[in-house]
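Nothing in this text is a laboratory measurement; each read-out follows from the coordinates by a stated rule. What you see is a predicted model, and the numbers here were worked out from it, not measured in a lab. Neighbour counts run over all protein chains shown; Cβ positions are idealised from the backbone, glycine included.
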């Protein structure tokens with residue numbers, strides 16, 4: 001059980017070691033689940049942020065493409081006059 005408790009603590013609690021080890025293991029596992037939930041939430045937030053950034057860039061690109069097309073058209077009209 002060195003993962004959940006030091007050998008000294010295990011030896012000191014030898015009469016009730018199994019239940020203490022189980023409690024320590026449960027506590028450790030709960031902590032890992034909480035950590036996992038936190039990492040998943042951060043990943044979800046990063047994914048949403050990336051999607052929003054992509055959408056903003058796409059809108060900006062479309063706007064610039066439209067502006068460029070208008071300027072090209074205006075330039076062609078001015079050259080023909």
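For the stretch 63-78, the criterion of being surrounded by fewer than 10 Cβ atoms within 10 Å (Cβ to Cβ) and not in a helix (DSSP H, G or I) is met by none of the residues.
All conditions in (1) over 18 Å from the mean Cα position of the chain (by Cα); (2) surrounded by 10 or more Cβ atoms within 10 Å (Cβ to Cβ) hold for residue 44, with the sole exception of (1).
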